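Everything below concerns the one structure shown next.
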Amino acid sequence: MTEQPARMRGDLGLLSVVAFGVAYMAPAVVTSIFGVIAATSKGAAPTAYVIATGAMLLTGLSYAKMAKVHPSSGSVYTYARKELDARIGFLAGWALLLDYLFLPMVAWLLQAIYLHAQFPAVPEWAWLVINVVLATVVNVVGLKAADRVNRILLVGVTSVLVVLAVLCARHGLGHGGAPAAGHAFWNHATSLSSVTAAAAVAAYAFLGFDAVSTLSEEVRDPRRTIPRSIILTVLTGGGIFIAISFLMQWAHPGGSFTDENSAGYLVSTTVGGHTFADVANIVGMLGGFASCVAIQASTSRLMFVMGRDGALPRRIFGRLHRKLLTPVTNVLVIGGIGLLALNLSLADATSFINFGAFLGFAVVNLCVIAYAVRQWRSGTRHSRVRYILLPAAGAAVDVYLITQLGGTAVRLGLGWLVLGIVWLAVITRGFRRPAPELRLRSTDDTSAPPEATGSRVRTA
């Protein structure tokens, strides 16, 4: 028998965690999907992002409450197990795993497509392999290295977005002035239905803000740091999306484009010329790499927690490298899944990742309500607005977003849930045994003895 470390290093601060969350969301995505949002909203892209930010903030508040109560790397998986039921917790983690497992693959595939478009001499498959290998190496070394990479690349992306913002503002002032700026938020073609439909699409840009909750065991003072970082990540990302989409909409009024998918490049060319547009595209790809690193890191830690608890095979997924203290096997598995994109189109790869994300968001909101009800029964009263009404509104928004997904996405998502139910039946011997329970203490819980908390994972 040998001793395996059961915890990761807790040395990340608030700034690092917020930078991680913002990098996960990839701020440059606002430029790449600008055309779709502008066309759907009839030329009111920033208004769509205002609505989307408010909607995501509702779920962000619920994440913050749960992260304070349960500072563990398992995110919604842990929250649902503690507040609802161990089996619901397993299925919530399983649904989230669908999103997390395939998000890295989609991010790497996007990188490969755009890099090949700008540098066609290198085949798309080669760019994919290069991105997968580099991100995997960074995550094997550990989050300290990933933190440094994220900070450097995030600065580069932010710089380009700032330059783009200045150029768009200058262009807007010279073509329409202040009246045109007002039309960027609302114009004669805009309607409530169009901006809410656009907000449902814009909400996809926020996917990943919850990823910081998977880092609870790697931060200082997680009960304070993680809740604050979740809210700051949503507000920071939303602020960037609203500001940039407003300036781009000001520079290009209306929602008509020759090609909605490349509208961001068109606007960059209009306000800054082809050279600037090309440079911005390259830097955006570097920012996308930072997002890939962040996605792979958070996914590997969710898998570690599930493996540590026995929800996934412990010998494979519940292990940390002795010296690096990183879940190396999980990182390599995710890298291998990323290589599956060699045989997939972008449409196939992205068709069902959002199902798991929005379902997980809805469950987190329900966890807050369940927690409040349990506290009330024990004599502790919480605000009905903060712990009932706001989480209920957040859950309703998340369910609405699920209904906006295509039929294929819903079918594949439901199929993944069925597979999870089958695996749960296997590990519980036909539901005759309880689902695996969380055996390790929370990051700041030192009251229980090692024997009770399982402070070490023993493996043969």
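Some notes on this structure:
- Rolling a 1.4 angstrom probe over the protein heavy atoms with all chains in place gives the range 186-265 an accessible area of 37 Å² per residue.
- Solvent-accessible area per residue, Å², over the range 332-436 with all protein chains present [probe radius 1.4 Å]: 52 Å²
- The residue among Leu340, Gly272, Ile295 whose Cα reaches farthest toward the positive pole of the charge dipole of the range 259-400, with charges on the beta-carbon of Lys, Arg, Asp and Glu, is Ile295.
- The range 90-137-the range 42-72 distance, computed between alpha-carbon centres (Å): 25 Å
- Residue-span extension gain [Ala189 to Val399] - 0.36 nm each, minus C-alpha spacing: 72.8 nm
- Label separation (Ile316 vs Ile388): 4.5 nm, computed from points 7 Å beyond Cα along the C-beta direction.
- Heavy-atom accessible surface of the range 60-137: percent carbon and sulfur, 1.4 Å: 74 percent
- Sulfur and carbon atoms: percent of accessible area, the range 247-303 [1.4 Å]: 60 percent
- Paired Rg and Dmax values of the range 170-323, which use every Cα atom, in angstrom: 20.9, 64
- Subtracting the Cα-Cα distance of Leu332 and Arg87 from their residue separation scaled by 0.36 nm leaves 85.4 nm.
- Rounded to the nearest 10 Å², the accessible area of Asp85 at probe 1.4 Å: 40 Å²
- Per atom type, the range 311-406 shows carbon and sulfur on 62% of its accessible surface, probed at 1.4 Å.
- Under 5 Å from the amide H of Leu12 lie the amide H atoms of Val219, Arg220, each residue being 5 or more positions distant or on a separate chain, with H modelled from the backbone and absent for Pro and chain starts.
- Kirkwood Rh, angstrom, the range 284-367 [1 / mean 1/r, Cα pairs]: 14.6 Å
- For the pair Leu173 and Ala425 in one chain, pulling the backbone fully straight at 0.36 nm per residue adds 84.4 nm over the alpha carbon distance.
The values are calculated or read from the model by the stated rules, or taken from the named source; none is laboratory data. Not measured: the values here are computed from a predicted model. All Cβ positions, glycine included, derive from the backbone under ideal geometry; neighbour counts span all protein chains shown. To get the accessible areas, we keep the full protein, side chains included, count just its heavy atoms, and leave off ligands, DNA and RNA. Shrake-Rupley method; radii C 1.70, N 1.55, O 1.52, S 1.80 Å.
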